[in-house]
1. Just flag the trypsin sites (Lys or Arg not before Pro) in the stretch 69-105 sitting in loop per DSSP whose Cβ has no more than 14 other Cβ atoms within 10 Å.
2. Tell me, what ³J(HN,Hα) does each residue in the stretch 36-41 have, in order and in whole Hz, if you take phi through Karplus 6.51 cos²θ - 1.76 cosθ + 1.60 with θ = phi - 60° and put x for Gly and Pro?
3. Calculate the spin-label point distance for Phe3 paired with Asp78, positioning each point 7 Å from the Cα along the beta-carbon direction, and give it in nanometres.
4. To the nearest 20 Debye, how big is the dipole of the stretch 5-119 about its Cα centre, given +1 on the beta carbon of each Lys and Arg and -1 on that of each Asp and Glu?
5. Ignoring the sites themselves, what is the longest stretch of the chain with no chymotrypsin sites (Phe, Trp or Tyr not before Pro) in a DSSP loop and at most 13 other beta-carbon atoms within 10 Å?
6. Can you give the longest stretch of the chain with no exposed loop site, where a site means GluC sites (Glu not before Pro) in a DSSP loop (not H, G, I, E or B) with at most 14 other C-beta atoms within 10 Å?
7. Can you give me the Rg/Rh ratio for the chain, using Cα atoms for both radii and the Kirkwood formula for Rh?
8. Amide H neighbours of Lys49 under 5 Å, counting only residues 5+ apart in sequence or on other chains, H built in-plane at 1.01 Å?
Amino acid sequence: MNFCWVTLPVVNLEEALSFYNGVLGLPVISRHSGNGIEMAMLGEENQPKIELLQTTANEKKVLYSDISIGLAVESLEDTMEYLKSRNIPILRGPIAPNPHTRFIFIKDSEGYEVQLVEMS
């Protein structure tokens, strides 16, 4: 069994795409719409994906979550400088639980936490 994707309900698909594709650089693999649903799948080929799902039902409720999405980065220092240049605040970190792993937390446009991890 292999992990394929995680689905994040969103209120505004375009804002979510602006964050995950525009800011974090995840490629958009596909987009579909119909029957009151708009969906976008993001990620690298042969890797787990993030599915952003906007429905009319999402507009009627407040979306929030204790979900944290983890994404690997090459350099935490470069990533923090990039985030600063985009005025994206770091919520927590950098945190180094061991000599080989460091990470920070930010929030996406919908309020989900995103953990950016450097592993050596």
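1. Details: sites: Lys84, Arg86, Arg92, Arg102; in loops: Arg86.
Those that pass, being in a loop and sparsely packed, are Arg86.
2. Here the 3J(HN,Hα) series is x, 10, 10, 9, 9, 10 Hz.
3. 2.4 nm
4. Numbers: 9 positive and 16 negative charges, 54 e Å.
So the dipole magnitude of the stretch 5-119 works out to roughly 260 debye.
5. Within the chain, the longest run free of exposed chymotrypsin sites (Phe, Trp or Tyr not before Pro) spans 4-63.
6. 75-120
7. 0.98
8. The answer is Trp5, Val6.
A short reminder: the numbers here are calculations on the coordinates, not readings from a lab. Nothing here was measured: the structure is a model prediction, and the numbers come from that model. Glycine also receives a Cβ, built like all others from the backbone with ideal geometry; neighbour counts cover every protein chain displayed.
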